[in-house]
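Asker: Mind looking over this structure? Questions follow.
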Amino acid sequence: MKKGLIVAIDGPSGAGKSTLSKRLAEDLGYINIDTGAMYRAFALFSKKKGIDPADEEGLARLCPQVLIEFSREGAQEKVLLNGQDVTADIRTPEISLLTSRIAAWPAVRRTLVDLQRRMGEKGGVVLEGRDIGTVVFPDAEVKFFLVATSAERGRRRYEELKAKGLEVDLQQTIAEVEKRDADDSARAEAPLLQAADAIAIDTTRMTIDEVLGEMLRVVRQRQATA
Ligand code: DC
């Protein structure tokens, strides 16, 4: 028996996916799965093991050694890599760029997509990423594709990093966001792509609450007919 719908949220970095995915899951009483955090944890593991991001075979050898889990302590969601809390370590600009490179390899994607399917197949989940509505769950009952201008997305990422006390430059952050988008969209394997049946929302000039309200309206409508 399925416990609820599968909701897919895709889009480029900084479009609001993480915040909205968390809030939407909370409001629906669903589990939230941040698939970007899983690619980030894999990237951190490869760095610790000294594997070059261009070395596909080396990365493929790591696949069976990687265990990624999510845990929750109160409102705080944690990412565990082989039992260790890596929540903060996976959010640095260096890991962001490394993640984009390792996420291009089919062996890495196969491993993480399998894991994501096992985590989400029972339903009652919100998954956010780049390929959820196209590859991971092409039959998801609700699909959103969030977008925003790169200047706005870069500004949001800049504020986020600054709030964490990291020294960052706005123009450089925008350039990094654009570089990652270009890499994520151009790769041969599961590129960032809007599913034909996804609902696109441009969040550039919308508040989080406005976007959330729109998403909830769509999900509730789908729940009523499911
Ligand atoms: O959403 P994020 O910024 O945490 O994602 C980190 C990187 O992982 C980003 O470069 C895109 C990649 N990614 C992916 O290829 N597929 C996913 N389902 C999620 C993230």
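The values are calculated or read from the model by the stated rules, or taken from the named source; none is laboratory data. Here the structure is a predicted model, which means the values were calculated and not measured. No Cβ is skipped: glycine too gets one built from the backbone with ideal geometry, and neighbour counts run over all protein chains shown. For the accessible areas, the whole protein counts, side chains as well, though only heavy atoms, and no ligand, DNA or RNA atoms are used. Shrake-Rupley method; radii C 1.70, N 1.55, O 1.52, S 1.80 Å.
Asker: Stretched out fully, how many nm does the piece from D85 to R72 gain, at 0.36 nm a residue minus the Cα gap?
Answerer: Working it through step by step, the gained length comes to 3.5 nm.
Asker: Same structure, new question: Relative contact order for the chain using alpha-carbon pairs under 8 Å, separation at least 6, rounded to a whole percent?
Answerer: Once divided by the residue count of the chain, the mean separation gives 33 percent.
Asker: Heavy-atom accessible area per residue, the chain, 1.4 Å probe: how many Å²?
Answerer: The answer is 49 Å² per residue.
Asker: Treat every Asp and Glu Cβ in the range 61-120 as -1 and every Lys and Arg Cβ as +1, leave all other atoms uncharged, and give the resulting dipole magnitude about the Cα centre to the nearest 20 debye.
Answerer: Value, rounded to 20: 360 debye.
Asker: Using alpha-carbon positions, what is the distance between the centroids of the range 153-226 and the range 1-63, in Å?
Answerer: Each part's Cα centre sits 14 Å from the other's.
Asker: Hey, another quick one. Rounded to the nearest 5, what is the percent of antiparallel bridges among the DSSP beta bridges in the chain? Please list the in-between numbers first.
Answerer: On the way: 8 of 25 bridges.
Counting only bridges with both partners in the chain, antiparallel ones make up about 30 percent.
Asker: Using heavy-atom solvent-accessible surface (probe 1.4 Å) with all chains present, what is the largest-first order of D183, D131, D139?
Answerer: On the way: D183 55, D131 0, D139 140 Å².
I get D139, D183, D131, largest accessible area first.
Asker: Here's something else I'd like to know. Roughly to the nearest percent, how much of the accessible area of the chain is carbon and sulfur, given a 1.4 Å probe?
Answerer: Within the chain, the accessible surface is 52 percent carbon and sulfur.
Asker: When only DSSP loop residues count, what GluC sites (Glu not before Pro) in the range 161-223 have their Cβ near at most 14 other Cβ atoms within 10 Å? The partial results should precede the final answer.
Answerer: On the way: sites: E167, E176, E178, E189, E210, E214; in loops: E167, E189.
In loop regions of the range 161-223 (DSSP not H, G, I, E or B), the sparsely surrounded GluC sites (Glu not before Pro) are E167, E189.
Asker: Using only helices, what value at 222 nm comes out for the chain when you add -39,500 (n - 2.57) per DSSP H run of length 4 or more and divide by the total residues, to the nearest 500 deg cm²/dmol?
Answerer: Rounded to the nearest 500, it is -15000 deg cm²/dmol.
Asker: So which residue, out of K143, K48, K22, gets the largest mean-square fluctuation from a GNM of the chain using Cα contacts under 10 Å as springs?
Answerer: Judging by the Gaussian network model, the answer is K48.
Asker: Picking from T134, A226, M215, whose Cα lies most toward the positive end of the charge dipole for the chain (charges on Cβ: Lys, Arg +1; Asp, Glu -1)?
Answerer: With unit charges placed on the Cβ atoms, the residue in question is A226.
Asker: What is the dipole size for the chain, taken about its Cα centre, with +1 at each Lys and Arg Cβ and -1 at each Asp and Glu Cβ, in debye to the nearest 20? Mind dumping the intermediate values first?
Answerer: Values: 34 positive and 36 negative charges, 87 e Å.
Computed charge dipole of the chain: roughly 420 debye.
Asker: Could I ask something else about it? Relative contact order, percent, of the range 17-121 when contacts are C-alpha pairs under 8 Å separated by at least 6 residues?
Answerer: RCO, the range 17-121: 28 percent.
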